[in-house]
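Report on one structure; see the data block that follows.
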Amino acid sequence: MRNNILAGNWKMNCDLPMTQELISNIKKQLPEQLDCEVMIAPSHPFLYAAFNDSLDTPIEVIAQNVSQHENGAFTGEVSIDMLQSVGIKTVILGHSERRDVFLETDKDLAQKTKAAIDKGMRVVFCCGEHLDQRNTGNHFKTVTDQIEKALFDLSSKEWKQIVVAYEPVWAIGTGETASPDQAQEMHHHIRKFIADKYGDKTADKLSILYGGSVKPANAQEIFAQPDVDGGLVGGASLDADSFIAIAKAF
Ligand code: 13P
């Protein structure tokens with residue numbers, strides 16, 4: 001019905017030799033029979049090398065971010081056309097590190113998402129609450145607000161290009177994971193929110209990934225939840241053995 005996806009977000013880690021070695025190690029261990037799409041997101045300067053190294057494998061190389069602007073005087077930014085010119089078809093948007101450290105707003109994310117969708121890209125759209133928002137019972141509203149503000153101007157057709165990644169900020173890089181029940185509860189809430197606006201067909205086809213301290217030891221239980229369609233993995237994706245072990249958890 002919908003695709004399982006395992007995506008490794010390498011964040012600002014690995015230089016060129018490390019990037020290529022990690023890809024080589026993942027390729028060596030990748031099982032022939034996989035029950036998920038496999039994506040990796042290296043840093044921008046290495047996307048082209050990573051794309052070439054991953055040709056003839058099931059691995060899709062994706063980007064961690066992109067500008068909403070077409071081209072021009074935006075020093076330090078990377079455009080959608082640039083990504084596409086090196087073979088990239090999918091981009092992560094709205095990661096909590098982009099929101100919190102680089103102050104990306106819901107409006108920026110709406111613009112980035114629309115620009116990427118219009119150019120035919122797939123978007124892995126991240127959402128998730130901070131600990132205080134969960135502790136005060138505001139986690140559901142926080143997450144649905146993020147989705148509504150950035151994605152609810154899209155058409156049902158455009159939603160085919162969206163993957164949602166729920167990443168509770170308190171579980172990112174902390175070793176603390178949402179329990180399988182907490183993940184399922186939020187994923188179900190997200191799917192229902194989208195079904196209420198776009199209908200069951202759109203919601204049922206949407207892959208919703210969980211991110212936040214996913215490891216080989218907890219992946220199976222989290223991925224077994226009915227509304228969890230895979231993972232967006234940070235730290236554990238930087239080690240080929242653990243990334244592959246997570247890929248086998250589906
Ligand atoms: P960790 O798996 O290191 O907690 O990171 C999750 C994440 O932010 C993936 O985008």
Segment 79-111 and segment 121-186 have their Cα centres apart by a whole-number Å value of 16
Convex hull (Cα only) mean projected area of segment 147-250, reported in nm² to one decimal: 6.5
log₁₀ I(q)/I(0) of segment 76-129 at q = 0.22 Å⁻¹, via Debye over equal Cα point scatterers, no solvent, to two decimals? -0.85
Under a Gaussian network model of the chain whose springs join Cα atoms within less than 10 Å, the largest fluctuation of Thr113, Thr174, Thr144 belongs to Thr174
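Let me know the Kirkwood hydrodynamic radius for segment 147-196, please, with Cα pairs as the basis and the value in Å to one decimal. Mind dumping the intermediate values first?
Working: mean 1/r = 0.0802 Å⁻¹.
For segment 147-196, the Kirkwood estimate is 12.5 Å.
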So, with +1 on the Cβ of K and R and -1 on the Cβ of D and E, and no other charges, what is the size of the charge dipole of the chain about its Cα centre, to the nearest 20 debye? 440
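Starting from 0.36 nm per residue, how many nanometres of slack lie between Lys201 and Val101 once their C-alpha separation is accounted for? Let's see the in-between values first.
Working: separation 100, 0.36 × 100 = 36.00 nm, distance 3.56 nm.
Extra length available between Lys201 and Val101 comes to 32.4 nm.
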Among Glu32, Glu221, Glu60, residue whose mean-square fluctuation peaks in a GNM of the chain (springs only between Cα atoms under 10 Å): Glu32
Report, largest value first, the span of the C-alpha coordinates of segment 17-70 along each principal axis, in whole Å. 39, 26, 15
With Ser179 itself left out, Lys, Arg at +1 and Asp, Glu at -1 over residues whose Cβ is under 11 Å from its Cβ give -4
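Give Lys141/Lys197; Lys27/Lys157; Lys11/Lys197; Lys160/Lys192 a once-over and call out the pairs whose C-alpha atoms are over 26 Å from each other.
Details: Lys141/Lys197 15 Å; Lys27/Lys157 34 Å; Lys11/Lys197 33 Å; Lys160/Lys192 16 Å.
Table pairs above 26 Å Cα-Cα are Lys27/Lys157; Lys11/Lys197.
Out of the chymotrypsin sites (Phe, Trp or Tyr not before Pro) in segment 103-158, which ones are loop residues according to DSSP with at most 14 other C-beta atoms within 10 Å?
On the way: sites: Phe125, Phe140, Phe152; in loops: Phe152.
In loop regions of segment 103-158 (DSSP not H, G, I, E or B), the sparsely surrounded chymotrypsin sites (Phe, Trp or Tyr not before Pro) are Phe152.
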List the aspartates and glutamates whose Cα lies under 17 Å from the Cα of Lys201, skipping any in the same chain that are fewer than 8 positions away. Glu158, Asp227, Asp229
Give the average over all directions of the projected area of the C-alpha convex hull of the chain, one decimal, in nm². 12.5
Residue-count net charge about Gln146 - beta-carbon cut-off 13 Å; Lys, Arg +1, Asp, Glu -1: -3
Tell me which of Ala203, Ser155, Gly231 sits at the most positive position along the dipole axis of segment 91-250, charges placed on C-beta atoms (Lys, Arg +1; Asp, Glu -1). Ser155
Please find, in a Gaussian network model of the chain (springs between Cα atoms separated by less than 10 Å), the residue of Leu209, Leu109, Leu34 whose mean-square fluctuation is greatest. Leu34
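Taken together, the values in this text are just the output of simple stated rules run on the coordinates, not laboratory data. Just so it is clear, the structure is predicted and the values come from calculations on it, not from any experiment. Please note: Cβ atoms are built from the backbone with ideal geometry, for glycine as well, and neighbour counts cover all protein chains shown.
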